[in-house]
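Student: This is the structure I have questions about; it appears just below.
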Amino acid sequence: MDRFSQILIKHKRQFEQKLRQLLPDSTSEQRQLIIKRLSERKRAEEEKPPKIAIIGQAGAGKSSTINALFGTSLPVGHVGACTTEEAELRVEAQTVDGANGVITVFDMPGLGDDPDLDCAEYKQLYNQVLSECDVAVWVINAASRAMGYDKQMIRDVVAPSQDQLTSRLVIGLNQVDLMQPGSWFHRANLPSKSQKETIAKRLEYIIELFRDIVPGIDVSRIIPYSAMRGYHLEQLFEAMLNACDSDRAWVLYGRKSIEDFAATIDPDLLR
């Protein structure tokens, strides 16, 4: 159950008392009418699922990110491009206390498969979809040094619509578990010391890379993570909440389905 439902249902009496304090001259019928209208507004908002665009180059892990955040089972491509056209997905999710919810996720075509399409059809498609979404997550393969193409596409796709998109953009650096040098500490599901240093340097590089072309983006919305390991997924989702309009963030909050990170750690280490 989302936070707003808790206020209206579990704490209805306290909510009415608060209304009585704010509106001392109101009658009980008037306060009940306010609560009814708020409930109707809540239901209306829930009937308009949040729209999220997951975008980036082919092979960056867009489908894996969707699966890890919302509990879906999209096919993950390991050899060739898995998504070849715009796919609007209505994802059924469940909150921790059992409330069902729907979210609309746009798993956008993987960039880089056809440079000619990137410069024409893809741009038109991306601009259209991004203008309709509540939040957009640009997924980058953090283990790759080839960041120039991401910079080019963000400059050409995002920059032209900065007024609409910059405040709602999150940049995710996926696959940090594959970064070199060093190897992932599997028992604790954490990066090794050398990997931590590399991740920090790569994060600094990304911030500088996008500072000029997306000047309005908050550095707190550039998140290193691993969809496959479940590492920093909560931080990624928190950044998405912060990027989403406040009137819609509570709807998005009720849709997440992220595995408890503690469950990925060796029980012996926890003990």
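Student: Is any residue of segment 173-190 close enough, with backbone N under 17 Å, to a label point placed 7 angstrom from the Cα of Phe261 along the Cα-Cβ axis, and if so, which?
Tutor: 173-178, 184-190
Student: Multiply the residue separation of Gln21 and Gln180 by 0.36 nm, subtract the distance between their alpha-carbon atoms, and state the gained length in nm to one decimal. Each step should come with its number before you reach the end.
Tutor: Working: separation 159, 0.36 × 159 = 57.24 nm, distance 5.90 nm.
Result: 51.3 nm gained on full extension.
Student: Applying 1/(1 + (r/R0)^6) with R0 = 35 Å to the Cβ-Cβ distance of Tyr205 and Ser131, what FRET efficiency is obtained, to the nearest 0.05? Kindly include the intermediate steps, with their values, before the conclusion.
Tutor: Working: r = 29 Å, r/R0 = 0.84.
About 0.75, to the nearest 0.05.
Student: In debye to the nearest 20, how big a dipole does segment 121-271 give about its Cα centre with +1 on each Lys and Arg Cβ and -1 on each Asp and Glu Cβ? Intermediate values should be presented prior to the final figure.
Tutor: Details: 17 positive and 20 negative charges, 86 e Å.
Once rounded to the nearest 20, the dipole reads 420 debye.
Student: Further question: For segment 220-263, just say rounded, prolate or oblate: build the C-alpha gyration tensor, square-root its eigenvalues into a ≥ b ≥ c, call rounded for a/c under 1.5, and beyond that prolate if a/b exceeds b/c, oblate if not. List each step's numbers first, then the result.
Tutor: On the way: a/c = 3.30, a/b = 1.52, b/c = 2.17.
Oblate, because a/c is 1.5 or more while a/b does not exceed b/c.
Student: Among the listed pairs Lys151/Lys201; Lys193/Lys256; Lys151/Lys256; Lys201/Lys256; Lys18/Lys51, give every one whose C-alpha distance is greater than 27 Å. All intermediate terms of the calculation are to be shown ahead of the outcome.
Tutor: Values: Lys151/Lys201 17 Å; Lys193/Lys256 30 Å; Lys151/Lys256 29 Å; Lys201/Lys256 30 Å; Lys18/Lys51 33 Å.
Exceeds cut-off: Lys193/Lys256; Lys151/Lys256; Lys201/Lys256; Lys18/Lys51.
Student: Show log10 I(q)/I(0) for segment 169-271 at q = 0.21 Å⁻¹, two decimals, from a solvent-free Debye sum over equal Cα scatterers.
Tutor: Normalising to I(0) and taking log10 leaves -1.13.
Student: Would you work out what percent of the accessible area of segment 169-271, with all protein chains in place, is carbon or sulfur (probe 1.4 Å)?
Tutor: On the way: 2740 of 5220 Å².
Answer for segment 169-271: carbon and sulfur cover 52 percent of the accessible area.
Student: Arrange the peptides 142-155, 256-269 so that the one whose residues have, on average, the most other Cβ atoms within 10 Å appears first. The partial results should precede the final answer.
Tutor: On the way: 142-155: 16.4, 256-269: 12.7.
Descending mean neighbour count gives 142-155, 256-269.
Student: Can you give the extra length, in nm with one decimal, that the chain gains between Val102 and Ser144 once fully stretched, where that is 0.36 nm per residue apart less the Cα-Cα distance? Let's see the in-between values first.
Tutor: On the way: separation 42, 0.36 × 42 = 15.12 nm, distance 3.36 nm.
Additional length available on full extension: 11.8 nm.
The values are calculated or read from the model by the stated rules, or taken from the named source; none is laboratory data. None of these values were measured; they are calculated from a predicted model. Methodologically, a virtual Cβ is constructed for each residue, glycine included, from the backbone with ideal geometry; neighbour enumeration extends over all protein chains shown. All accessible areas refer to the heavy atoms of the entire protein, side chains included, with ligands and DNA or RNA removed. Shrake-Rupley method; radii C 1.70, N 1.55, O 1.52, S 1.80 Å.
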